[in-house]
């Protein structure tokens, strides 16, 4: 997987938003809000190839959680990112 080009991560209070910029923004009809852990994942893999294990390991390196919790969180987040067309397979 890889993040799609044309999105910029910006802080907004205690959360972050992904803003579509340039020509790719034409069909973008909603703002994507990310919490701190999702923003960390985006920053770590932006523009790079990654897989589920990459994201799980980033969470495990940065948070005191179990692999099972990290796996569940990543699975849920990736589904949201896919539905919002933020990543490419």
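The values are calculated or read from the model by the stated rules, or taken from the named source; none is laboratory data. Because the structure is a prediction, the values reported are computed rather than measured. When we count neighbours, we look across all protein chains shown, and the Cβ atoms used for this are built from the backbone with ideal geometry, even at glycine.
One residue alone among 41, 78, 18, 55 is surrounded by 14 or more Cβ atoms within 10 Å (Cβ to Cβ), within 20 Å of residue 4 (Cα to Cα), modelled with pLDDT under 95 and in contact with a helix residue (DSSP H, G or I) (Cβ under 8 Å, 6 or more places away or on another chain), and that residue is 18. Residues that are free of Cβ contacts under 8 Å to residues at least 24 places away in the same chain, outside any helix (DSSP H, G or I) and within 12 Å of the chain's Cα centre (by Cα) within the stretch 28-70 comprise 33, 35, listed in sequence order. Checked against (1) out of contact with any helix residue (DSSP H, G or I) (no Cβ under 7 Å at 6 or more places or on another chain); (2) at positive phi; (3) modelled with pLDDT under 90, residue 6 passes all but condition (1).
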